[in-house]
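Here's the structure we're looking at; comments come further down.
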Amino acid sequence: MGAMSFFFNISVASAAGGRRAQIALPHGVVQTPVFMPVGTAATVKAVEQGVLESLNAELILANTYHLYLRPGHELIGRLGGVHRFMSWQRPMLTDSGGFQVFSLAKLRKISPEGVEFRSHLDGSRHFFSPEHSMAVQIALGADVMMVFDECVETPASWERTRDSMALTHAWAERSRQYWLQHRQETPWAQPGLPGEGQHQALFGIVQGGMYADLRRESALRLVEMDLPGYAIGGLAVGEPREVTREMIARVLEHLPADKPRYVMGVGYPDEIEEYARMGVDMMDCVLPTRAGRHGLVFVRQDPADRSSAVQRLNVKKLENAEDQRPLDEGCGCMVCRRYTRAYLRHLVSSGEALGATLNSIHNLAFYMETMERVRSSLAPEDLRTPA
Ligand SMILES: [Zn+2]
């Protein structure tokens, strides 16, 4: 480790399970619970890095599958890793590529060794194993990497889910072995570079579908591997929200309290608040930027009450054509301080690129504000500067 003497430091834990903590990573300290904007292809779509910094984004995610296909992990590695490539010097996390291989790639062929697939871009043939996913993620050089896992289709039978989970566990152990042997190869961790001596963290992924007994077994098996953190994968894939919540609650019971917990790919603003209060430390979702690009923004029902219900506003609607109010009158973001609904409606209706950008910025600010409010309610004092 570098200057920081701790990796995960819990400041306050509530009776309901929520905790406020700090994760010390090679590129900085992250205040949790944290929402991570998704930078699929080394860009949070339509929002540039300087704006992400001003939104107080402390940790962003990039997708291994996309960067492996284009421009290629070896190219990014030669350029010093994804931080330098995209000019983002704060912490980053890469997924393992598993989810994209199983949801985007064509003609998958799964064996105990790994997955053969065809690129969604040009149909070219590729093979991902746990070792290869680790090698790609090490070349990219994010602060946190994820083990390579199989993502089972939904719905899947108990037997099918159990077999898939067993494969995920075997792949997690192989990912771990590769990480232990190769983590010093990270571009910025090389001798003579600023990150010398520091290394990437590896998180496990709990699977088990919508079956509480399998979720428990998966959590216990992964905890035995003693990884720096644990994610809960395979949720928010079409199941009812009560099931998502129930699976998260069942898994949290079996994860160690002193390590970060990350729920992948969730969710709506009220969901991320709920899960944070249950004890989830990290979440990511494409929703704020994807919805923004489609002219959908999140606002509070009562703008003056930032804990009031979340509403969705369709910017494109005719009723906004002469509306001089900001998107959300209680939001202090750079978009709401400056622009009217009428102008944003015009941009979206005209297909102007700025419309997608401004709506995405407001939605990201809305998510950031939500998590800031959760953190403040857990511990009002400013914990930004560790002693
Ligand atoms: Zn706003």
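Summary of values
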{"quantity": "Test result for ALA231, within 18 Å of the chain's Cα centre (by Cα), small (Gly, Ala, Ser) and in a helix (DSSP H, G or I)", "calculated": "no"}
{"quantity": "Helices (runs of 4 or more DSSP H) contained in segment 96-213 and holding at least 2 residues over 24 Å from the mean Cα position of the chain (by Cα) and not basic (Lys, Arg)", "calculated": "158-182"}
{"quantity": "Residue in segment 261-272 that is under 18 Å from the mean Cα position of the chain (by Cα), crowded, with 17+ Cβ neighbours inside 10 Å, over 30 Å from LEU358 (Cα atoms) and not small (Gly, Ala, Ser) present", "calculated": "yes"}
{"quantity": "Whichever residue in segment 136-154 is open to solvent by 10 Å² or more (accessible area, probe 1.4 Å) and touching an Asp or Glu at 6+ places or on another chain (Cβ under 8 Å) and, among such residues, is modelled with the highest pLDDT", "calculated": "ALA139"}
{"quantity": "Filtered residues of segment 38-76 (kept if assigned to a helix (DSSP H, G or I) and either open to solvent by less than 10 Å² (accessible area, probe 1.4 Å) or among the aliphatic types (A, V, I, L, M) (or both))", "calculated": "VAL51, LEU52, THR64, TYR65, LEU67, LEU69, LEU75, ILE76"}
{"quantity": "Residue that is assigned by TED's automatic domain parsing to the domain that holds GLY141 and in contact with a His (Cβ under 7 Å, 6 or more places away or on another chain), where the choices are ARG215, ARG176, ARG221", "calculated": "ARG221"}
{"quantity": "Considering residues of segment 368-387 that are of a type in the set (Asp, Glu) and modelled with pLDDT of 95 or more only, the residue nearest to the ligand (Cβ to nearest atom)", "calculated": "GLU369"}
{"quantity": "Some residue of segment 99-106 being open to solvent by 10 Å² or more (accessible area, probe 1.4 Å) and modelled with pLDDT of 95 or more", "calculated": "no"}
{"quantity": "Residue match in segment 46-62 (condition: in contact with a Ser or Thr (Cβ under 9 Å, 6 or more places away or on another chain), modelled with pLDDT under 95 and closer than 23 Å to LEU287 by Cα)", "calculated": "no"}
{"quantity": "Options GLY77, GLY72, GLY17, GLY28: the member that is on the phi > 0 side of the Ramachandran plot and assigned by TED's automatic domain parsing to the domain that holds GLY279", "calculated": "GLY72"}
{"quantity": "Answer residue from segment 2-37, given it is open to solvent by 50 Å² or more (accessible area, probe 1.4 Å) and among the aliphatic types (A, V, I, L, M) and is farthest from LEU287 (Cα to Cα) among those", "calculated": "ALA3"}
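Every residue, every condition in (1) in the same structural domain as ILE205 (by TED's automatic domain parsing); (2) of a type in the set (Ser, Thr, Tyr); (3) farther than 22 Å from LEU52 by Cβ, yes or no:
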| position | (1), (2), (3) |
| --- | --- |
| ILE272 | yes, no, no |
| VAL299 | no, no, no |
| LEU318 | no, no, yes |
| GLU322 | no, no, yes |
| ARG341 | no, no, yes |
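The values are calculated or read from the model by the stated rules, or taken from the named source; none is laboratory data. What you see is a predicted model, and the numbers here were worked out from it, not measured in a lab. Backbone-built Cβ (ideal geometry, glycine too); neighbour counts: all protein chains shown. Ligands, DNA and RNA are excluded from the accessible area calculation, which covers all protein heavy atoms including side chains. Shrake-Rupley method; radii C 1.70, N 1.55, O 1.52, S 1.80 Å.
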